[in-house]
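The values are calculated or read from the model by the stated rules, or taken from the named source; none is laboratory data. Computed from a predicted structure; not experimentally measured. Reconstructed Cβ throughout: ideal geometry from the backbone, glycine too, with neighbour counts over all protein chains shown.
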């Protein structure tokens, strides 16, 4: 229940008053000690950001530049501190990325700059900052959000990395296509995977977990799309790089398995309404490598088809896959040296890089499109569980 | 929308790195 004496919401001005000496306590309780998995689960998404902004508003209202500066600096340092301490925990990083972005959006939405006020209600416009222009602090917060985003990518990469080769390449879910093992010895379906073996389902489950955490934290949908695109890029790059290094992964049936796995990832995107995220496009090199494993590789026409099909692969990658291609049954045959030569000749004019492996550590530049909130600041109540009894709704 | 009475004062901000430096030295000073 709220800590304040009940009053009509229209009486509030959407500000929070606190004493200067309580600032460290505010940072401690709201940032350093807040557990995303505990108390924060029941909060409205972005509540810490709204609370901090309403405190900034009050300091601005008092025309106290030192108080504003001090609060903003302590907030930024508090967020950096918690991310140093629990920076390997996806939930913590996602939570503070969401809140840092929301805080940044609030500073824009209530800046008084016309460009950011278009969607505001009359009441929201009355809540704009009156004394200070915080544009420089917005820049600092934007830089901080970029840092947190990169940290989030590193965390999810560490979690996904051990699953990718096993789930995307090694584990076989399609029965009857691989000629490697006699049918009786083949592993059963993914639902009964060997203990400790990651399957495609493990990857999909992990994607679900990441996605639901980000949604729960109220992360901007446009930002979620960027995270998902980055996750798919990592999955595609790590899978392709391993395929390019392993002869046992370059067969017709592996091509089939990879295409199936990719279709499941696409299905996941569709299910989450993320088809416009650009995530699927990052899998294109892998999709083409899988197709290359499956197409005919014999005649001049085949060579022409391969060259026009594999535009997302470098010549080095195409040649490597053809060299590694290994027949696993009597219907398939090795790619001839002359066919590979033909491909090389046809690709001569393509000015692509000699690069064989993809840069699996590449991070796409992130942007934080302005996303104003319809939430009315004067209606925000502070749950007692946050331990902020020393601040007053104004 | 209400009109502003007077232009807001731009609050100069240190960069993120400068902020961290200040923060670290403050922490070092603390007992």
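Would you call residue A:99 on the phi < 0 side of the Ramachandran plot and more than 8 Å from chain B (Cβ to nearest Cβ)?
yes
Looking at A:326, A:342, which one is at pLDDT below 95 and either surrounded by 14 or more Cβ atoms within 10 Å (Cβ to Cβ) or part of a helix (DSSP H, G or I) (or both)?
Criteria check complete, one pass: A:326.
Taking the conditions exactly as written (more than 14 Å from chain B (Cβ to nearest Cβ), in a loop (DSSP other than H, G, I, E, B) and buried (at least 22 other Cβ atoms within 10 Å of the Cβ)), does residue A:30 satisfy them or not?
no
What residue, among those in segment A:104-115 that are part of a helix (DSSP H, G or I) and loosely packed, with under 15 Cβ neighbours inside 10 Å, is nearest to the other protein chains (Cβ to nearest Cβ)?
Residue satisfying both the conditions and the ranking: A:114.
Out of everything in segment A:239-253 that is surrounded by 22 or more Cβ atoms within 10 Å (Cβ to Cβ) and in a helix (DSSP H, G or I), what residue ends up being farthest from the chain's Cα centre (by Cα)?
In this case the residue turns out to be A:249.
Please state which one of A:282, A:342 is within 34 Å of the chain's Cα centre (by Cα) and at negative phi.
None of the other options fit; the residue is A:282.
Report every pair of residues separated by at least 6 positions or lying on different chains whose Cβ atoms are under 7 Å apart, first residue within segment A:37-55 and closer than 19 Å to residue A:89 by Cα, second at pLDDT 85 or above and part of a loop (DSSP other than H, G, I, E, B).
From residues that are closer than 19 Å to residue A:89 by Cα, the pairs are A:40/A:34; A:45/A:217; A:45/A:218; A:46/A:218; A:48/A:34.
Among the numbered conditions (1) more than 24 Å from the chain's Cα centre (by Cα); (2) within 14 Å of chain B (Cβ to nearest Cβ); (3) assigned to a helix (DSSP H, G or I), tell me where residue A:118 comes up short.
(3)
Please state which one of A:129, A:134, A:141 is surrounded by 18 or more Cβ atoms within 10 Å (Cβ to Cβ), in contact (Cβ under 8 Å) with a residue 40 or more places away in the chain and more than 7 Å from every other protein chain (Cβ to nearest Cβ).
A:141
Could you tell me whether residue A:63 is at positive phi and either in contact with a strand residue (DSSP E or B) (Cβ under 9 Å, 6 or more places away or on another chain) or surrounded by fewer than 21 Cβ atoms within 10 Å (Cβ to Cβ) (or both)?
Criteria met by residue A:63.
Being in contact with a strand residue (DSSP E or B) (Cβ under 8 Å, 6 or more places away or on another chain) and either free of Cβ contacts under 8 Å to residues at least 24 places away in the same chain or not in a helix (DSSP H, G or I) (or both) narrows it down to one of A:355, A:381, so name that one.
The unique qualifying residue is A:381.
Quick one: which residue in A:206, A:150 is within 14 Å of chain B (Cβ to nearest Cβ), assigned to a helix (DSSP H, G or I) and at pLDDT 95 or above?
A:150
Which of the residues belonging to segment A:268-298 are in a loop (DSSP other than H, G, I, E, B), touching a residue at least 40 places away in the same chain (Cβ under 8 Å) and over 30 Å from residue A:210 (Cα atoms)?
Residues satisfying the conditions are A:297, A:298.
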